[in-house]
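Okay, structure first, notes after.
The values are calculated or read from the model by the stated rules, or taken from the named source; none is laboratory data. Remember, predicted model here, so these are calculated numbers, not experimental data. Note that each Cβ is placed from the backbone with ideal geometry, even for glycine, and that neighbours are counted across all protein chains shown.
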Amino acid sequence: MLSGDLALYIALGFTAQLIDGALGMAYSLIATSALLALGTPPAFASASVHAAETVTTGLAGASHAWHRNIDWSVVGRLAPAGVIGGIIGAHVLTELPEGMVRIFVTFYLMAMTLSIVRCLLTGRTGNREILATVPIGLGSGFLDAIGGGGWGPLANSALIARGDRPRHSIGSVGLSEFFVTVAISATFVATLDPPNTGASWSG
Amino acid sequence: MIVGGALAAPLAGWLSRVLPLSELMTLVAFILAGMSIYNFARLGAA
């Protein structure tokens, strides 16, 4: 029989992944908020969510591939761009003013929300030349790595706002997220200073 | 959480496929609006 705590964490992981997998966003927000509400220390909550996300993004990507929710031409450009943006972001993490990044991401998400609502109401979509796949991947990976906003909401909102089919945007962004998450995590691990030595793991 | 996520992943992919276009976009817009408000609240609290 499952213990109460174990069942609770499985239910939490299930709920967060169901929403994130179906809509392409909000795993970190839901999981981290719930863990903090349960009394988990912030650093432990963040580390747990990122560790779980590395696995669940891979599973979600496989599920979207199985259900044919993926536009492979988008993944071919989005994933490499996201990986490059994520690696750059992980390297410059401490050199950017957090407040400015948060303000930018807040207004970006608002603008994308309004674009999607306009698309819903009028059928008009954003400019595909302005919202090109590679810049979206670079920017979303970069901002995801520096903690300014999640990969899912940043990339998905832009793709949907420019007129891509939501199902294919969500699937393509979901599969690309696996590569971006692994790249960012690997960069963080490679550049961490081990305790007591002060030396960089990457030299 | 990984076990929960693994159980949900197949269902989530299926949901993305079967949900009607307008409902999927409405749900995405709803989540984005929630995140924007959440970010605003955090900015205001800072």
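Annotation: of all residues in region A:89-108 being among the β-branched types (Val, Ile, Thr) and without any contact (Cβ under 8 Å) to a residue 40 or more places away in the chain, the one that is farthest from A:Val180 (Cα to Cα) is A:Ile103. Within region B:6-14, the presence of a residue that is within 28 Å of A:Arg68 (Cβ to Cβ), in a helix (DSSP H, G or I) and more than 7 Å from chain A (Cβ to nearest Cβ) is excluded.
Scanning region A:8-37 for residues that are more than 7 Å from every other protein chain (Cβ to nearest Cβ), of a type in the set (S, T, N, Q) and either closer than 14 Å to A:Glu177 by Cα or free of Cβ contacts under 8 Å to residues at least 12 places away in the same chain (or both) turns up A:Ser28, A:Ser33. Being closer than 29 Å to B:Val3 by Cα and within 14 Å of the chain's Cα centre (by Cα) holds for only one residue in A:Ala51, A:Ala81, A:Ala7, and it is A:Ala51. When the test is whether a residue is assigned to a helix (DSSP H, G or I) and more than 20 Å from A:Gly171 (Cβ to Cβ), A:Thr32 passes it.
Considering only residues in region A:130-187 that are within 13 Å of chain B (Cβ to nearest Cβ) and among the acidic types (Asp, Glu), the one that is nearest to A:Met110 (Cα to Cα) turns out to be A:Asp164. For A:Leu138, the test of being more than 22 Å from A:Ala22 (Cβ to Cβ) and modelled with pLDDT of 85 or more is passed. Just name the residue that is surrounded by the fewest Cβ atoms within 10 Å (Cβ to Cβ) out of those in region A:1-25 that are modelled with pLDDT of 85 or more and not in a helix (DSSP H, G or I). Ranking the qualifying residues of region A:1-25, first place goes to A:Met25. Residue count for region A:109-129 under the criterion of being within 12 Å of chain B (Cβ to nearest Cβ), at pLDDT 80 or above and over 15 Å from the mean Cα position of the chain (by Cα): the result is 12.
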